[in-house]
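Undergrad: Got a structure for you, questions after.
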Amino acid sequence: MTTQRKTPANAARRKETSRRAILTAAFELVQEVGYAKLSIEGIAARAGVGKQTIYRWWPSKGTILFDAFLMLSEGSDGEPAALPDTGDLEADLTAVLRATVAELNDPRYDQPMRALATEITHDPELAAAYAERLDGPMKELKRQRLRSAQQAGQIAEDIDLDVAVEMIWGPVQNRWLHRSGPLTADYASRVVTTALNGLRPRRPGH
């Protein structure tokens with residue numbers, strides 16, 4: 001009888017399989033029971049792992065939920081997916097913002113995202129991790145797309161790209177977070193049009 005030798009590669013694969021099972025379980029459970037009733041015990045049972053395995057990697061259910069969103073945002077290479085760059089800035093931004101609206105309106109994501117937003121507000125360490133690992137890289141992708149538009153002469157050279165990112169994405173996020181109005185594809189289009197009307201270079205004599 002032969003036994004399979006434990007190799008570093010096999011151990012790494014098992015670790016990654018367990019990690020993804022835990023993150024998937026947390027994301028599914030928060031939709032089913034709500035964040036208040038989400039527990040480490042429940043996540044462990046759903047994922048088929050021991051509680052100590054979870055505590056070895058995450059200090060709280062908030063950090064688990066954050067990593068679940070991080071996993072969902074990653075591309076096939078483990079990095080956030082780049083924004084489209086077809087050369088038509090308004091069309092590209094409209095497509096991205098409409099996709100964002102669709103995601104925010106998706107019942108599968110609404111409860112987990114609101115729970116994460118609440119945890120970030122109350123947990124400075126989680127807020128710092130969110131800024132460094134998810135929000136920061138996503139903002140850089142947005143800046144890169146706007147920088148490409150600057151180089152193409154589609155927006156003014158002296159525009160503050162950080163402010164521009166907030167002008168384009170901020171209204172949608174704010175309306176979703178505060179439930180202050182309908183979050184629709186048409187609204188996303190109007191946000192892009194309004195923002196770009198203020199970002200385009202002024203023509204001589206105007």
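Undergrad: Given the structure, is Q150 open to solvent by less than 90 Å² (accessible area, probe 1.4 Å) and in contact with a Leu (Cβ under 6 Å, 6 or more places away or on another chain)?
TA: So Q150 fails the test.
Undergrad: On to the next question. Return the pairs, sorted by first residue and then second, in which the second residue is acidic (D, E) and surrounded by 12 or more Cβ atoms within 10 Å (Cβ to Cβ), the first residue lies in the stretch 157-169 and is more than 13 Å from K139 (Cβ to Cβ), the beta carbons are less than 6 Å apart, and the residues are 6+ apart or on different chains.
TA: Hits for this filter: zero, empty list.
Undergrad: Here is a follow-up. State yes or no: is E119 in contact with a Gly (Cβ under 6 Å, 6 or more places away or on another chain), part of a helix (DSSP H, G or I), farther than 20 Å from L183 by Cβ and open to solvent by 40 Å² or more (accessible area, probe 1.4 Å)?
TA: Against the criterion (in contact with a Gly (Cβ under 6 Å, 6 or more places away or on another chain), part of a helix (DSSP H, G or I), farther than 20 Å from L183 by Cβ and open to solvent by 40 Å² or more (accessible area, probe 1.4 Å)), E119 qualifies.
Undergrad: Here is a follow-up. I'd like the residue in the stretch 16-47 that is of a type in the set (G, A, S) and open to solvent by 70 Å² or more (accessible area, probe 1.4 Å) and, out of all such residues, is modelled with the lowest pLDDT.
TA: Among them, the one singled out is A36.
Undergrad: Moving on. Quick one: count up the residues across the stretch 175-185 that are part of a helix (DSSP H, G or I) and surrounded by 11 or more Cβ atoms within 10 Å (Cβ to Cβ).
TA: The qualifying residues number 4.
Undergrad: Going through the stretch 153-174 one residue at a time, which ones are open to solvent by 30 Å² or more (accessible area, probe 1.4 Å) and within 20 Å of A81 (Cα to Cα)?
TA: D162, E166, Q173
Undergrad: Report the residue count in the stretch 58-74 for those that are buried (at least 16 other Cβ atoms within 10 Å of the Cβ) and either assigned to a loop (DSSP other than H, G, I, E, B) or without any contact (Cβ under 8 Å) to a residue 60 or more places away in the chain (or both).
TA: Counting residues in the stretch 58-74 that are buried (at least 16 other Cβ atoms within 10 Å of the Cβ) and either assigned to a loop (DSSP other than H, G, I, E, B) or without any contact (Cβ under 8 Å) to a residue 60 or more places away in the chain (or both) gives 6.
Undergrad: Can I ask one more? Within the set of pairs 6 or more residues apart or between chains, which connect a residue that is polar (S, T, N, Q) inside the stretch 176-194 to a residue that is surrounded by fewer than 13 Cβ atoms within 10 Å (Cβ to Cβ) and assigned to a helix (DSSP H, G or I) with Cβ atoms less than 8 Å apart?
TA: The qualifying pairs are S180/N174.
The values are calculated or read from the model by the stated rules, or taken from the named source; none is laboratory data. Treat the numbers as computed from the prediction; the structure is a model and nothing was measured. We place every Cβ from the backbone using ideal geometry, glycine too, and count neighbours over all the protein chains shown. We work out accessible area using only protein heavy atoms, side chains counted, and drop any ligands, DNA or RNA first. Shrake-Rupley method; radii C 1.70, N 1.55, O 1.52, S 1.80 Å.
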